[in-house]
Amino acid sequence: MVLVTGTDTEVGKTIATAAMAAAAQAAGQRVAVIKPGQTGIATGAPTDAEVVTRLAGPETVRTLAEYPEPLAPLAAAKVAGLPALDLFDVVDAIRAEAAKHDLVLVEGAGGLLVPMGLRPSGEPWTFADLATTLGANMIVVARAGLGTLNHTALTLEALNRRAVPARVILGAWPAEPELVHWANLGELVPYLVGALPAGAGSMDPGVFRRSAPGWLTPALHGVLDNWRVWAEEAG
């Protein structure tokens with residue numbers, strides 16, 4: 001199983017999750033995608049599960065809880081007067097899907113330390129807590145532009161302190177990269193296992209599924225094995 005977090009909100013976690021699902025399926029894997037807590041239902045925007053289903057069409061897509069307001073899941077549950085996500089209910093749901101699939105992708109909400117729900121003790125738990133409880137690896141989706149080095153380093157440091165193995169995907173590589181993007185790429189290459197083009201989420205699903213393996217390294221069932229060649233093509 002692989003957990004997917006971000007350095008912030010709106011960095012491309014859902015599209016990266018869809019790309020990983022598409023690449024794994026193209027490699028013959030049976031894939032499940034789980035969203036523990038979906039917030040912002042009242043906005044009427046497509047849910048993350050709907051986006052992943054449209055783009056990648058994995059065998060199983062599940063959302064464990066939905067909340068009306070676009071807040072952190074625990075805050076959204078409190079505002080709505082709905083039950084908060086229980087850590088061990090989420091763990092059980094993920095393990096149940098892992099028993100039936102080759103790969104389970106679990107997409108978080110916002111960043112690594114966002115309060116997701118409550119433990120049986122009443123204490124809040126975060127996506128980092130979920131990773132340590134499951135013993136799972138983490139993918140960190142990051143921006144390509146200014147500020148990403150600090151945000152990415154902070155997230156990786158927090159994961160390293162918890163002994164959670166982690167790698168990085170750039171969520172939206174611009175069509176016309178500037179100096180800052182190339183500089184950041186050079187710094188992040190040791191951690192990178194993927195880079196998605198900006199606008200990937202707007203692609204035709206068939207094009208998305210055929211293209212996804214080219215955005216990811218073999219560690220994620222992709223075919224991207226030379227960042228120098230990729231950079232020349234992307235530039």
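For the stretch 42-132, give me every one of the helices (runs of 4 or more DSSP H) that falls completely inside it and has 3 or more residues that are under 18 Å from the mean Cα position of the chain (by Cα).
Counting at least 3 such residues, we get 48-56, 87-98.
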Any hit, the stretch 184-197, residues being farther than 21 Å from residue 147 by Cβ and in a helix (DSSP H, G or I): no
Test: residue in the stretch 167-177 that is hydrophobic (A, V, I, L, M, F, W, C), outside any strand (DSSP E or B) and at pLDDT 95 or above: no
Output for the stretch 133-163, where each listed residue is within 14 Å of the chain's Cα centre (by Cα) and assigned to a loop (DSSP other than H, G, I, E, B): 136, 143
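Tally the residues that are crowded, with 17+ Cβ neighbours inside 10 Å, of a type in the set (Ser, Thr, Tyr) and in contact (Cβ under 8 Å) with a residue 24 or more places away in the chain, restricting the search to the stretch 34-53.
Going through the stretch 34-53 one residue at a time, the tally reaches 1.
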Number of the condition not met by residue 144 [criteria: (1) within 29 Å of residue 232 (Cα to Cα); (2) in contact (Cβ under 8 Å) with a residue 12 or more places away in the chain; (3) surrounded by fewer than 21 Cβ atoms within 10 Å (Cβ to Cβ); (4) of a type in the set (A, V, I, L, M)]: (3)
Within the stretch 188-211, tally of residues that are more than 15 Å from residue 141 (Cα to Cα), surrounded by fewer than 19 Cβ atoms within 10 Å (Cβ to Cβ) and of a type outside the set (Gly, Ala, Ser): 5
Residues of the stretch 159-176 satisfying the condition of being crowded, with 18+ Cβ neighbours inside 10 Å and of a type outside the set (D, E, K, R): 159, 164, 166, 168, 169, 170, 171, 172, 173
Residue tally, condition in a helix (DSSP H, G or I) and either surrounded by fewer than 19 Cβ atoms within 10 Å (Cβ to Cβ) or at pLDDT below 95 (or both), over the stretch 212-235: 11
Residue that is surrounded by the fewest Cβ atoms within 10 Å (Cβ to Cβ), among those in the stretch 64-91 that are within 15 Å of residue 129 (Cβ to Cβ) and out of contact with any helix residue (DSSP H, G or I) (no Cβ under 7 Å at 6 or more places or on another chain): 88
Residue match in the stretch 154-169 (condition: in contact with a strand residue (DSSP E or B) (Cβ under 7 Å, 6 or more places away or on another chain), free of Cβ contacts under 8 Å to residues at least 40 places away in the same chain and closer than 27 Å to residue 233 by Cα): yes
Qualifying residue in the stretch 148-157 (condition: among the hydroxyl-bearing types (Ser, Thr, Tyr) and loosely packed, with under 14 Cβ neighbours inside 10 Å): no
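The values are calculated or read from the model by the stated rules, or taken from the named source; none is laboratory data. The structure displayed is predicted, hence computed values, not measured ones. Positions of Cβ are generated from backbone atoms using ideal geometry, with glycine treated the same way; all protein chains shown enter the neighbour counts.
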